[in-house]
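Contents: one structure, followed by commentary.
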Amino acid sequence: MVLRKLFSLDSNLNGRGPVLFAWQKEGTFLAVAGASRRVLIVDRQGKTAHQLALQGQTAPIALDWDCNGEVLAILQEKGTSVTLYNLHTKKQDVIETGFKDVTVMAWSKVGPQLALANAKGALMIYNKDSLKKIPIMGKHSKKITGIQWNNRNMLALIGEDKQLSISDAEGTTLDQVTLKVEPLGVTFTDIKAEDRAGDVENTVAMNMNGKTVLLYH
């Protein structure tokens, strides 16, 4: 396979330090942000299609597109809110969580839910269609460090409390497991069985302290 350079962005656009990026689900647009607190949305030729300036003085720590590739969520360091930018209407909304120090977020792969978690172990589910917020205190006892949805709209969370929790789209806990060490990352995968089709993402895979991978069915 031959790799071909599509474009590059000047370092002056993002400021000094790490740069975040997130491809839209269809791969048409790329969102890019850095210490300059400016978010660029460029096409596949590197041409800027949208640009927005973030409020506050902290740099962004996460970017994520919703399942329709329509709304970009932007989370800033030590933030209490999340910024949502609608690609079609060009409208920018700030959603207050009521939490301090939101650390991670993720859009559902199949639904309108955005999950946000903080350094105290709290979780909030925001529905962009109904505008409903579901805050859940004490989901974990310490900082939530990893968050991932599967294609059945189930949510996996990991944290510094060495816990894995599985919740539904309303935030109700379906399962919770105590781990021996603190996991560094989490994702869903599929372990196929002979009596069913694959791609149901029925297994959680976790990076256990950088030494092993734990599969939890």
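What pairs come out if I take residues in the stretch 167-179 that are in contact (Cβ under 8 Å) with a residue 12 or more places away in the chain and pair them with residues that are open to solvent by 80 Å² or more (accessible area, probe 1.4 Å) and not in a strand (DSSP E or B) whose C-beta lies under 8 Å away, six or more apart or interchain?
Pairs that qualify, where the first residue is in contact (Cβ under 8 Å) with a residue 12 or more places away in the chain and the partner is open to solvent by 80 Å² or more (accessible area, probe 1.4 Å) and not in a strand (DSSP E or B), are Thr178/Lys162; Leu179/Lys162.
Hey, can you tell me all the residues within the stretch 37-69 that are surrounded by fewer than 16 Cβ atoms within 10 Å (Cβ to Cβ) and charged (D, E, K, R)?
Selection gives Asp43, Arg44, Lys47.
Determine whether Ile125 is at pLDDT 95 or above and in contact with an Asp or Glu (Cβ under 8 Å, 6 or more places away or on another chain). First the steps, then the outcome.
Details: at pLDDT 95 or above: yes; in contact with an Asp or Glu (Cβ under 8 Å, 6 or more places away or on another chain): yes.
Here the answer is yes, as Ile125 does meet what is asked.
May I ask you to verify whether Leu215 is in a strand (DSSP E or B) and open to solvent by 50 Å² or more (accessible area, probe 1.4 Å)?
Against the criterion (in a strand (DSSP E or B) and open to solvent by 50 Å² or more (accessible area, probe 1.4 Å)), Leu215 qualifies.
In the stretch 2-17, is there at least one residue being modelled with pLDDT under 95, within 20 Å of the chain's Cα centre (by Cα) and farther than 18 Å from Met124 by Cα?
There is no residue in the stretch 2-17 that is modelled with pLDDT under 95, within 20 Å of the chain's Cα centre (by Cα) and farther than 18 Å from Met124 by Cα.
If Leu75 satisfies all but one of (1) farther than 28 Å from Asn14 by Cβ; (2) part of a strand (DSSP E or B), what's the number of the condition it fails?
In the conditions (1) farther than 28 Å from Asn14 by Cβ; (2) part of a strand (DSSP E or B), Leu75 misses (1) alone.
Could you please let me know if Ile61 is of a type in the set (A, V, I, L, M, F, W, C), in contact with a Gly (Cβ under 9 Å, 6 or more places away or on another chain) and part of a strand (DSSP E or B)? Even if it seems obvious, please write down each step before you answer.
Details: of a type in the set (A, V, I, L, M, F, W, C): yes; in contact with a Gly (Cβ under 9 Å, 6 or more places away or on another chain): yes; part of a strand (DSSP E or B): yes.
Against the criterion (of a type in the set (A, V, I, L, M, F, W, C), in contact with a Gly (Cβ under 9 Å, 6 or more places away or on another chain) and part of a strand (DSSP E or B)), Ile61 qualifies.
For Lys90, work out the one condition from (1) over 26 Å from Trp149 (Cβ atoms); (2) modelled with pLDDT under 90; (3) in a loop (DSSP other than H, G, I, E, B) it doesn't fulfil.
(2)
Of all residues in the stretch 134-153, count the ones that are outside any strand (DSSP E or B) and surrounded by fewer than 20 Cβ atoms within 10 Å (Cβ to Cβ).
Count: 8.
Within the stretch 2-21, identify whether any single residue is open to solvent by less than 50 Å² (accessible area, probe 1.4 Å), under 18 Å from Gln92 (Cα atoms), in contact (Cβ under 8 Å) with a residue 12 or more places away in the chain and part of a loop (DSSP other than H, G, I, E, B), and answer yes or no.
Taking every residue of the stretch 2-21 in turn, none turns out to be open to solvent by less than 50 Å² (accessible area, probe 1.4 Å), under 18 Å from Gln92 (Cα atoms), in contact (Cβ under 8 Å) with a residue 12 or more places away in the chain and part of a loop (DSSP other than H, G, I, E, B).
Please determine, by comparing only the residues of the stretch 86-103 that are over 30 Å from Lys142 (Cα atoms) and touching a residue at least 24 places away in the same chain (Cβ under 8 Å), which one is surrounded by the fewest Cβ atoms within 10 Å (Cβ to Cβ).
By that ranking, first place goes to Lys90.
Looking at Ala169, Ala156, Ala117, Ala106 in this structure, which one is part of a loop (DSSP other than H, G, I, E, B), touching a strand residue (DSSP E or B) at 6+ places or on another chain (Cβ under 6 Å) and closer than 20 Å to Ala73 by Cα?
Ala169
What pairs come up if the first residue lies in the stretch 110-124 and is under 22 Å from Glu201 (Cα atoms) and among the β-branched types (Val, Ile, Thr), the second is part of a strand (DSSP E or B) and open to solvent by less than 20 Å² (accessible area, probe 1.4 Å), and their beta carbons are under 9 Å apart, counting only those six or more places apart or on different chains?
Correct list of pairs: Val110/Trp149.
So Asp195 clears everything in (1) at pLDDT 95 or above; (2) over 20 Å from Asn118 (Cα atoms) except one condition, right? Which one?
Status for Asp195: all satisfied but (1).
Could you go through the stretch 45-55 and let me know if any residue there is within 30 Å of Gly138 (Cα to Cα) and either assigned to a loop (DSSP other than H, G, I, E, B) or modelled with pLDDT of 95 or more (or both). Give the derivation first.
Of all residues in the stretch 45-55, those within 30 Å of Gly138 (Cα to Cα) come to 54-55.
Remaining after also requiring either assigned to a loop (DSSP other than H, G, I, E, B) or modelled with pLDDT of 95 or more (or both): 54-55.
Scanning the stretch 45-55, I find at least one residue that is within 30 Å of Gly138 (Cα to Cα) and either assigned to a loop (DSSP other than H, G, I, E, B) or modelled with pLDDT of 95 or more (or both), so the answer is yes.
The values are calculated or read from the model by the stated rules, or taken from the named source; none is laboratory data. Keep in mind that what you see is a predicted model, and the values were worked out from it rather than measured. Note that each Cβ is placed from the backbone with ideal geometry, even for glycine, and that neighbours are counted across all protein chains shown. With ligands, DNA and RNA removed, areas are computed over all heavy atoms of the protein, side chains included. Shrake-Rupley method; radii C 1.70, N 1.55, O 1.52, S 1.80 Å.
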